Amino acid sequence: MSETNANAIKVGHLTKSYGNFTLRDVNLCLPTGSIMGLVGENGAGKTTLFKLIMNVLERDEGKICVLGHDNLSPEFGDLRNDIGVVLSGAGLPEYLSPRQVNGILRQTFRGWNEAYFRQLMADFKLPENKTIKEFSTGMKMKLAIAAALAHNPRLLLLDEPTSGLDPMTREDILAVFNDFTRNPANSILISSHIVSDLEKICDYIAFLHEGRLLFCEEKDRLLEDYALIKMPAADFAVVPPGAVVSLRREAYGVEALVKKHDINPSFVTEHTTLEDIILFWSKGGGAQ
Amino acid sequence: MNGMKGLLLKDFYFLQRHMRVYLLLMLVFVLLPGAMPLMAVIYSVMLPITVLAYDDNAKWPELAAMLPLSTRTLVFSKYLLGYLLSACFVLLAVLARAAYQVGWPLVTGGPVDNDFAFSGDFVSFMLLIWLGSLALLALNLPLMFRLGAEKGRLAFVLTLGVLFGISIPLSSLPIPTGALLPGVLLVAVALNAASYLISVRLYDKRLRAA
Amino acid sequence: MDIIISNAADQPIYEQIFNQMKQQIISGKLSEGDMLPSIRALAKDLKISVITTKRAYDELEKEGFIYTVAGKGCFVAEKNLELVREGNLRELEELLRRADALAAGLNISDSELMEMLHLLRGEN
């Protein structure tokens with residue numbers, strides 16, 4: 001329970017079901033100082049996981065430690081001062097202006113840094129006196145990010161911060177997150193369905209699919225451990241079935257995602273991208 | 001209750017942006033003769049509900065739940081806003097009467113019209129209305145927290161009707177308003193205490209189950 | 001120091017960093033005692049993962065091109081020609097191992113393999 005904890009987030013055997021959705025037995029660790037990307041299609045359980053981590057949603061089972069404290073403990077209320085949150089669907093009321101947001105959050109967060117907030121407004125080119133209603137989607141997201149950063153948190157929870165934004169704005173925003181983790185005490189959990197955004201900045205990738213965590217791995221290891229293999233259907237029989245994660249039968253051949261170390265190095269393989277891995281994994285249903 | 005000031009500030013910014021005409025109209029009511037000021041006081045307890053409806057739409061409660069704000073603070077801020085606003089209008093109404101009482105003879109030289117006159121009766125009448133509207137607030141906030149904005153507003157109109165229904169036969173009884181005050185005060189306090197406790201539960205339940 | 005990361009290259013990113021830094025050390029562009037950027041700073045400046053960068057540094061250290069002073073940072077080590085040779089030998093070994101694995105897959109005997117090598121060397 002020390003302040004300098006090895007893990008910013010540690011989730012163990014987390015289960016939550018409601019309606020016909022179940023988040024089942026999720027285990028993951030976000031080491032302090034790193035960025036973890038949470039990938040998954042809409043409805044995979046990403047937002048649910050965020051809510052459970054912040055303990056705004058009742059869990060069925062499991063344990064969650066955030067910044068070294070169990071999030072069911074009474075200290076967690078105060079610990080929220082060290083966490084910055086951006087939610088894609090929910091946000092600051094639109095009748096407010098950035099100046100008013102500053103006035104309100106100054107009263108809300110213990111470590112609110114007004115100078116830093118105004119600096120961010122200037123960096124993001126956000127007019128301080130216009131209401132949020134008049135902002136574009138990108139501007140709204142930038143304001144939400146500034147509001148999540150200006151109290152100098154140690155952990156950022158970002159739920160789809162880049163969705164619906166143009167490539168330039170996404171680039172700006174990713175640069176901010178990248179800079180945030182220059183401090184080795186700072187960590188980020190970021191979800192997105194734009195895999196290429198995550199591939200750029202993440203140290204770890206966690207993949208949620210239909211309420212299950214299919215993997216949580218170092219990004220580099222993923223890219224190294226898996227390869228694409230393309231061959232005529234007739235030849236495919238020689239590929240050991242145990243090495244195949246999933247395959248796609250096309251008109252003129254077979255395309256498969258394989259574990260590189262489980263096949264003979266004489267096979268011609270192709271370099272994969274994170275996107276390939278995610279696509280094949282979700283189609284293969286995680287067949288080991 | 002860390003963050004209460006921030007929450008009230010937020011609500012104040014809302015009123016300033018969206019409720020200007022409404023507030024101005026209520027200010028006019030406060031200055032009018034007879035029983036008109038009571039309208040302002042009753043309507044003022046509807047304002048927390050309006051803010052609530054607006055913020056619900058923006059899913060502000062989902063974000064607020066993740067900020068260092070306790071459920072109790074979030075819930076109580078709505079009660080407090082109602083208390084403060086209605087108290088302001090009561091105070092304004094009383095001050096307006098006092099101003100008429102002093103100013104009218106100075107300007108016109110004539111006596112103050114009965115409908116504008118400042119009297120002990122007027123003050124206790126306004127206090128009675130104030131406590132009545134606080135009871136109205138207490139009845140409605142839990143419904144808002146449970147049902148959400150749309151249905152909650154309908155419930156407000158219904159309870160308002162019921163309350164009027166009760167008050168009409170009451171007002172025809174030959175009891176001086178001053179004598180009613182202690183009883184109504186007790187009812188208003190009890191209702192608000194119970195209402196707050198229920199609201200905290202409902203608020204948590206609605207959010208945490210979503 | 002220049003480091004150009006290509007996302008299109010087949011080479012893993014840590015290897016790209018490793019090779020480019022090694023090249024600059026061997027060529028003398030980075031000289032003995034030069035302080036290298038911290039792992040985190042380099043990762044953030046290149047906009048890549050910290051783990052990737054750490055791996056490149058670890059490899060460089062393992063091969064003796066750089067050394068770490070706890071609490072201070074990473075520095076370029078004394079250029080050791082023996083070491084460079086050793087590094088190249090290791091690379092050769094690795095390539096031979098891959099050739100061997102390929103040969104095994106094609107049912108090529110040792111003598112056939114040797115013959116191929118002789119032929120190749122003769123061509124050169």
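A few remarks follow.
- Against the main long axis of the alpha-carbon atoms of chain A, helix A:274-284 sits at an angle near 60°.
- Split chain A at each of the GluC sites (Glu not before Pro) in a DSSP loop with at most 13 other beta carbon atoms within 10 Å, and the longest piece is A:76-288.
- Spacing of the two label points (7 Å from each Cα toward its C-beta) at C:Leu83 and B:Leu154, in nm: 7.9
- Shape parameters for chain B, alpha-carbon atoms, Rg then Dmax in Å: 18.7, 66
- Separation of alpha-carbon centers, the range C:32-105 and the range A:148-224, rounded to whole Å: 27
- Over chain B: helical MRE at 222 nm, DSSP H runs n ≥ 4 each giving -39500 (n - 2.57), nearest 500: -28500 deg cm²/dmol
- Here the label points at A:Asn152 and C:Gln20, each 7 Å from Cα along the C-beta direction, are separated by 3.4 nm in the simple model.
- Heavy-atom accessible area, 1.4 Å probe, ligands and nucleic acids excluded: residues of the range A:168-210 down by at least 50 Å² from chain alone: A:Asn178, A:Arg182, A:Asp203
- Per-pair calculated FRET efficiency, R0 = 22 Å: A:Ala6 and C:Met35 via Cβ, rounded to 0.05: 0.20
- Here, the range A:1-48 has an Rg and a Dmax of 13.0, 39 Å when only alpha carbons are counted.
- Counts of other chain beta carbons within 10 angstrom of each beta carbon in peptide A:100-106 average 5.
- Separation in nanometres of the label points that stand 7 Å from Cα toward Cβ, at B:Val189 and C:Leu92: 9.6
- The three principal axes of the Cα atoms in the range C:11-109 give end-to-end lengths of 53, 31, 23 Å, sorted in falling order.
- Using only Cα coordinates, the Kirkwood hydrodynamic radius of the range C:81-120 works out to 11.2 Å.
- Theoretical gain in end-to-end length, A:Arg221 to A:Arg248 [0.36 nm per residue, Cα-Cα removed]: 7.4 nm
- The C-A contact accounts for roughly 1500 square angstrom of buried accessible surface, both chains included, probe 1.4 angstrom.
- Percent of alpha-carbon pairs separated by more than 16 Å within the range A:54-150: 59
- Solvent-accessible area, 1.4 Å probe, carbon plus sulfur percent, for chain B: 74
- Carbon + sulfur, % of accessible area of the range C:81-120 - ligands and nucleic acids excluded, 1.4 Å: 61
- Helix A:114-123 and the longest principal axis of the C-alpha atoms of chain A enclose an angle of approximately 60°.
- Residues of the range B:175-210 buried by at least 10 Å² on assembly (accessible area, 1.4 Å probe, chain alone as reference): B:Leu207, B:Arg208, B:Ala209, B:Ala210
- The protein assembly as shown shape via C-alpha gyration tensor axes, a/c threshold 1.5: prolate
- In chain B, lysine pairs closer than 20 Å at Cα, eight or more apart or cross-chain: 9
- Residues in the range C:36-78 that, when all protein chains are in place, have 20 Å² or more less accessible area than the chain alone would give (probe 1.4 Å): C:Arg40, C:Lys44, C:Asp45, C:Lys47, C:Ser49, C:Ile51, C:Thr52, C:Arg55
- Its DSSP H runs of at least 4 residues, each contributing -39,500 (n - 2.57), put the calculated 222 nm mean residue ellipticity of chain C at -19500 deg cm²/dmol, to the nearest 500.
- Here chain A has 50 percent of its accessible surface on carbon and sulfur atoms, given a 1.4 Å probe and all protein chains in place.
- Rounded to the nearest 20, the size of the Cβ-charge dipole of the protein assembly as shown about its Cα centre is 2900 debye, with Lys and Arg at +1 and Asp and Glu at -1.
- A simple charge model with +1 on the Cβ of Lys and Arg, -1 on the Cβ of Asp and Glu and nothing else charged puts the dipole of the range C:13-76 at about 260 debye relative to its Cα centre.
- The A:Asn113 and A:Glu75 beta-carbon pair, evaluated with R₀ = 35 Å, returns a calculated FRET efficiency of approximately 0.95.
- Compared with the dominant principal axis of the Cα atoms in chain B, helix B:4-18 is inclined by about 70°.
- Stretch gain in nm, segment A:Asn129-A:Asp25, where the contour uses 0.36 nm per residue and the Cα spacing is subtracted: 32.8 nm
The values are calculated or read from the model by the stated rules, or taken from the named source; none is laboratory data. What you are looking at is a predicted structure, and each value in this text was computed from that prediction instead of being measured. Neighbour counts are summed over all protein chains in view; Cβ atoms, including those assigned to glycine, are modelled from backbone coordinates with ideal geometry. Ligands, DNA and RNA are stripped out before the accessible areas are found, and what is left, the full protein with its side chains, is counted by its heavy atoms. Shrake-Rupley method; radii C 1.70, N 1.55, O 1.52, S 1.80 Å.
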